[in-house]
1. I need the phi-derived Karplus couplings for the stretch 79-89: 6.51 cos²θ - 1.76 cosθ + 1.60, θ = phi - 60°, integer Hz, Gly and Pro marked x.
2. Considering the chain as a Gaussian network with a 10 Å cut-off on Cα pairs, which listed residue, N234, N201, N220, attains the greatest mean-square fluctuation?
3. So if we plug the beta-carbon distance of A311 and R267 into 1/(1 + (r/R0)^6) with R0 = 35 Å, what FRET efficiency do we get, rounded to 0.05?
4. Ranked by Cβ crowding within 10 angstrom, fewest neighbours first, how are T70, T101 ordered?
5. Using the Karplus curve 6.51 cos²θ - 1.76 cosθ + 1.60 with θ = phi - 60°, work out ³J(HN,Hα) for each residue of the stretch 24-31 in order, rounded to whole Hz, and write x for Gly and Pro.
6. Between S97 and T189, take the C-beta separation as r, use R0 = 35 Å, and let me know the FRET efficiency to the nearest 0.05.
7. In a Gaussian network model over the chain where Cα atoms closer than 10 Å are linked, find which of D278, D235, D112 has the largest mean-square fluctuation.
8. Which FRET efficiency value, to the nearest 0.05, do you get for V165 and H12 by plugging their Cβ-Cβ distance into 1/(1 + (r/R0)^6) with R0 = 51 Å?
Amino acid sequence: MSTTSIHSDVSHLDDERAGQERFDQIIAEDSRIEPRDWMPEGYRKTLVRQISQHAHSEIIGMQPEANWITRAPSLKRKMILMAKVQDEAGHGLYLYSAAETLGTSRDKMVQDLLDGKAKYSSIFNYPTLTWADVGAIGWLVDGAAIQNQVPLCRASYAPYGRAMVRVCKEESFHQRQGWEILYELSNGTPEQKAMAQDAVNRFYGPALQMFGPPDDDSPNSKQSMAWNIKRHSNDELRQRFVDMIVPQAEALGLTLPDPDLKWNEERGHYDFGELDWDEFMSVIKGNGPCNVQRLQHRREAHENGAWVREAAAAYAEKQARRNQDAADRHLIGA
Ligand code: BYC
């Protein structure tokens, strides 16, 4: 080995060590990592995994609700639902952009989703059978999302945290609109109330599973919490969510489908029954009621949108050429 290559190896090691020390210090101070800062490969990979899965969830999550746009019961409800579904697309875009700052391309992330290699939230593999399901998604699914995502506004990776601030603001509107749909139905005819109850019965368990597997079966939590990406464990957030929705369900005049749900004075929390974790595992492995349909639809939408991507790329190229020509002319003139 030549002396030059030994020197460059040593200086590379010094850089790595200094980078690691600086990174550890930023994490210890509960400060933030920016895209150009040195970061361990594991940290980068974890973030790409979580942020891209999150982005895919927003994009796939548009489908169950979009299913009701043409059948929303009034023009006003239709407009609100369209705005909500558009918001979810926006969330996907902020998140893909945040993940791109880690050095991965959007094309690669999207391709992984289309190839069935990337995960997205289990909840979106359930069908929306009635209009009340749109209410249940807003109240329970967006409610769970807020519970999970407010702490992510403080995630140590700055672009992720910044994206989350805006996402959470919009999710709050979403949750309110869902609650209001259920409130109207619950205070409507007996059939409407039954429809609201049925939707809550079907979405309650899957919404609680959105927080991920129990802590003992969560391989990523410990490290993600040590890196200040996740601020709370899956079970902690699930408990907070249950504590929040019990009084809300009472205000709605609806019940939650869990016979074991009861206030525990000693713990200061609601106890709740075991969730169906076999079903959860089956859904995240691709065998939920709508997995095949959701991916098929996304693939078709991607193919149908090819001309838009081509047109946007051609336009960007033309603009870049014009800017270059203008810069050249300026230089010649100068
Ligand atoms: N579904 O070690 P764990 C929305 C996977 S969209 C599927 O605990 P981690 C909305 C997990 O990925 C809201 N997979 O993982 C949109 C891991 O597998 P890999 C989406 C799940 O990452 C439209 C394995 O199980 N929110 O609100 O520490 C309309 C072991 O889990 C799920 C986010 O994405 C699941 N539910 O914690 C309306 C939030 N749970 O990757 C509304 C951001 C776990 O090792 N993400 N898995 O193969 C997170 O906070 C965390 O990634 C999780 C999981 C809490 C979800």
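1. 5, 5, 5, 4, 5, 5, 5, 5, 4, 5, 4
2. In this elastic network of the chain, the residue with the biggest mean-square fluctuation among N234, N201, N220 is N220.
3. That pair, A311 with R267, gives E of 0.05.
4. T70, T101
5. 4, 5, 4, 5, 5, 7, 6, 9
6. 0.15
7. D278
8. Values: r = 37 Å, r/R0 = 0.72.
E(calc), rounded to 0.05, equals 0.90.
Rule-based calculations on the coordinates, nothing more; no lab input. Fair warning: this is a prediction, and the values are worked out from it, not measured in the lab. Cβ coordinates were reconstructed from backbone atoms using ideal geometry, including for glycine residues, and neighbour counts include every protein chain displayed.
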